[in-house]
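The values are calculated or read from the model by the stated rules, or taken from the named source; none is laboratory data. Source: prediction; values computed, not measured. FYI the Cβ positions are ideal-geometry reconstructions off the backbone, even for glycines, and counts take in every protein chain you see.
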Amino acid sequence: MDFKTLISNRISEKVNIPVKDIEKMIEIPPKPEMGDFAFPCFQLAKTMRKAPNLIAQELKNSIDSQGFEKIETVGAYLNFFVDKGILSSSTIEKILSEGKSYGNSNIGEGKNVIVEFSSPNIAKPFHVGHLCSTAIGNALYKIISSQGYNTIAINHLGDWGTQFGKLIAAFKWVDEEALEKEPIKELLRIYVKFHEEAEKDPSLEDLGRLHFKRLEDGCEEETSLWQKIKDVSLKEFNRIYDMLNVKFDSFAGESFYSDKMDEVVEILEDKGLLTESKGALVVNLDEYNMPPCIIKKSDGATIYATRDLAAAIYRKRTYDFYKNIYVVGSDQSLHFRQIFATLKLAGFDWADDCVHVAFGLVKFADKKLSTRKGDVIFLEDLLNEGISRARAAIEEKNPSLENKEDVAKKVGIGAVIFTYLKNNRERDIVFNWDDILSFDGETGPYIQYSYARGRSILGKATGFSGTPDYNKLNSKEEFELVKLLGGLNDAILSAIDKYEPSILSRYIIDVAKAFNKFYNLYPIISCEDVGLKAARLKLVESTTIVIKKVLSLLGIDVVEKM
RNA sequence: GCGCCCAUAGCUCAGUUGGAUAGAGCAACGGCCUUCUAAGCCGUGUGUCGGGAGUUCGAAUCUCUCUGGGCGCACCA
């Protein structure tokens, strides 16, 4: 039962405004005591030439109130109180019958959506900053998929570019033994050393560029070193992706496009967009009020803009995408605006379907994380610290728990992922071990705990059977929970609309809070009224279904006990 | 200098697209485990919504301006 459209229809009958417009005006009152839905009459005052509260009063008297407990006016607001029994039974039965597909829809059927995310740079450590793109991208991938879209997860590996020239130049300092044991750390060490040395001797930068040019020209020595670096890096990255349970449909990174860039240059040339400037080939973007987009450097080598253009064109041809989403830090906003503008100038109207989903940076209280300087926290260390803190919490709170290690892993990692997804993605995260790994309050473990409590109650009720009487779920707390559970699809759609997983994180916090409140206040197993007990059990079951569903969309596992 | 983003309680953040008395978590203090797991629940209070002006029935939300921060601005990604 969709009460919002019901209300819109009834109001539309009385005033001369289309149902759709009425629906947009309907709001949810700030406090549940004020009703479940509200219709403000301020805007009608002008056309009807009457005082808004008078309009509200007249509507109240003339409107059909069937299906509602009552309809009230407060000032210019017309407040609707829905029939709790009807809403509870329809919501709970829908959840139970749809199970894990509750919240899904097929609005995206037949549409391909690309989500590019994670995209770490080969040869560099996978640090705490990379989790922003990885967690947000993975969540968006799952959230969008839930609405029937055919979604493609692409890891656009940073495996090409001048940095490899620098790395190859730095290879003369490599310690083979260390490279064997801890490849990324050793590669990082020589990369850092390169930048230190380059400060004293700027000619090293030129040497790096030379090596990249040779790599791009297919020279054997550079190519084999590059392959070696890529192999050891991917091995390390896959270990992290396994811990996070993140999977990709494609690992086509920057090098994948190395043979597709000549065509980009040709296309831009044909359209007459290329101009030469200081020896480089650029696309002028003055009309967009942006600096030019560099297509070829003065030494003839390509640059990341060229590769991103090639990638976008390739993706359009291969996947014919409906949306092409880039989950990349906000520090690259200008770059993407330049790419999209260049595509547009080249006559590709689908440039408008490309979206840069930006996020803030992870930084220390005082300084920015800098790979070049080597001050960096490995993501693996953060995840392991999370796991070991979860392990300690288990020993303290529930030492007889089975599968301790499995639970510690899911709770520890869940806490980290949830922290990354809790807030508006454009906010910077100030790195603090205790904040990121908190288990109290609005955190991942709090949600997981709520789920485990629900499952525990259900486990104790096996064998019970009774016909639920949903009319008896009439307490404020029970009804609040029901209303929240009914709002899952809206929350998902809103999250997709804004490319914002935190909308779902906030939603599930609200659900868990309402659920905790409910079971702390009312007996379930020991409830004597059979109809009410059955209804409460169904409510608990519905809640566990919704929590599990939302956490899975966020890329977080649930545990049955903790 | 130019462009984009941000400023809400001591701290970290929400705020349903312009609506009713601006809310959570953390931290602090007090209460609740012989009754469904205390990673929980209940209670106690704090705000010039950065300042100013404007738009209108109505602004934390929209416009302008100032202040204070972040990021970016051609051969790195």
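Kindly list the number of the only condition in (1) near RNA strand B (Cβ under 8 Å from one of its atoms); (2) part of a loop (DSSP other than H, G, I, E, B); (3) not acidic (Asp, Glu) that fails for A:Gly300. The single condition A:Gly300 does not satisfy is (1). Applying the criterion of being near RNA strand B (Cβ under 8 Å from one of its atoms) and farther than 17 Å from A:Lys517 by Cβ to the residues of the range A:433-442, the residue that is surrounded by the fewest Cβ atoms within 10 Å (Cβ to Cβ) is A:Asp435. Can you confirm whether A:Asp510 is near RNA strand B (Cβ under 9 Å from one of its atoms) and either modelled with pLDDT under 95 or in contact with a His (Cβ under 8 Å, 6 or more places away or on another chain) (or both)? No. For A:Tyr499, indicate whether it is more than 8 Å from RNA strand B (Cβ to nearest atom), closer than 21 Å to A:Ile136 by Cα, not polar (S, T, N, Q) and not in a helix (DSSP H, G or I). Yes; evaluated as a whole, the condition is true for this residue.
For the residues A:Ala312, A:Ala305, the requirement of being in a helix (DSSP H, G or I), within 30 Å of A:Tyr420 (Cβ to Cβ) and more than 10 Å from RNA strand B (Cβ to nearest atom) singles out A:Ala312. Do the conditions hold for A:Ser526, that is, is it within 12 Å of RNA strand B (Cβ to nearest atom) and within 30 Å of the chain's Cα centre (by Cα)? Criteria not met by A:Ser526.
Taking residues in the range A:534-562 that are closer than 12 Å to A:Ile457 by Cα, and partners anywhere that are assigned to a helix (DSSP H, G or I) and more than 13 Å from RNA strand B (Cβ to nearest atom), the pairs with Cβ atoms closer than 6 Å and at least 6 places apart or on different chains are A:Lys538/A:Ile92. Can you name the residue in the range A:282-297 that is within 8 Å of RNA strand B (Cβ to nearest atom) and farther than 24 Å from A:Arg209 by Cβ and, of all such residues, is surrounded by the fewest Cβ atoms within 10 Å (Cβ to Cβ)? Per the stated criteria, the residue is A:Asn289. Of all residues in the range A:64-109, those satisfying the criterion of being among the aliphatic types (A, V, I, L, M), away from RNA strand B (no atom under 16 Å from the Cβ) and crowded, with 16+ Cβ neighbours inside 10 Å are A:Ile86, A:Leu87, A:Ile92, A:Ile95.
Test A:Leu493 against the stated conditions and say whether it is surrounded by fewer than 20 Cβ atoms within 10 Å (Cβ to Cβ), assigned to a helix (DSSP H, G or I) and not assigned by TED's automatic domain parsing to the domain that holds A:Phe117. Criteria met by A:Leu493.
For A:Gly279, the conditions (1) in contact with a Cys (Cβ under 7 Å, 6 or more places away or on another chain); (2) of a type in the set (Gly, Ala, Ser); (3) surrounded by fewer than 17 Cβ atoms within 10 Å (Cβ to Cβ) are fulfilled apart from (1).
Here A:Leu59 meets the list (1) crowded, with 16+ Cβ neighbours inside 10 Å; (2) more than 16 Å from RNA strand B (Cβ to nearest atom) almost entirely, failing just condition (2). Taken over the range A:413-431, the criterion of being within 8 Å of RNA strand B (Cβ to nearest atom) and either more than 18 Å from A:Ile136 (Cα to Cα) or not in a loop (DSSP other than H, G, I, E, B) (or both) is satisfied by A:Ala415, A:Lys422, A:Ile429, A:Val430.
Looking only at the range A:517-536, count how many residues are surrounded by 22 or more Cβ atoms within 10 Å (Cβ to Cβ) and closer than 17 Å to A:Leu87 by Cα. Matching residues across the range A:517-536 total 3.
Consider the range A:443-468 and keep the residues that are polar (S, T, N, Q), within 10 Å of RNA strand B (Cβ to nearest atom) and touching a residue at least 40 places away in the same chain (Cβ under 8 Å). The one that is nearest to A:Ser505 (Cα to Cα) is A:Gln448. The number of residues in the range A:102-140 being β-branched (Val, Ile, Thr) and farther than 15 Å from A:His156 by Cβ comes to 3.
Residues checked against (1) touching a residue at least 12 places away in the same chain (Cβ under 8 Å); (2) under 26 Å from A:Asp83 (Cα atoms):
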{"site": "A:Tyr470", "(1), (2)": "yes, yes"}
{"site": "A:Glu477", "(1), (2)": "yes, yes"}
{"site": "A:Val482", "(1), (2)": "yes, yes"}
{"site": "A:Gly486", "(1), (2)": "yes, yes"}
{"site": "A:Lys498", "(1), (2)": "no, no"}
{"site": "A:Ile503", "(1), (2)": "yes, no"}
{"site": "A:Arg506", "(1), (2)": "yes, no"}
{"site": "A:Ala512", "(1), (2)": "yes, yes"}
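The residues on offer are A:Glu405, A:Glu395, A:Glu380, and the sole one that is more than 11 Å from RNA strand B (Cβ to nearest atom), loosely packed, with under 14 Cβ neighbours inside 10 Å, part of a helix (DSSP H, G or I) and among the charged types (D, E, K, R) is A:Glu405. Of the residues examined, A:Ile136 is one that is assigned by TED's automatic domain parsing to the domain that holds A:Leu309 and under 20 Å from A:Glu500 (Cβ atoms). Residue pairs whose Cβ atoms lie under 6 Å apart, sitting 6 or more positions apart in sequence or on different chains, and linking a residue in the range A:418-441 that is closer than 22 Å to A:Ser552 by Cβ and in contact (Cβ under 8 Å) with a residue 60 or more places away in the chain to a partner that is of a type in the set (Phe, Trp, Tyr) and more than 8 Å from RNA strand B (Cβ to nearest atom), are A:Arg425/A:Phe359.
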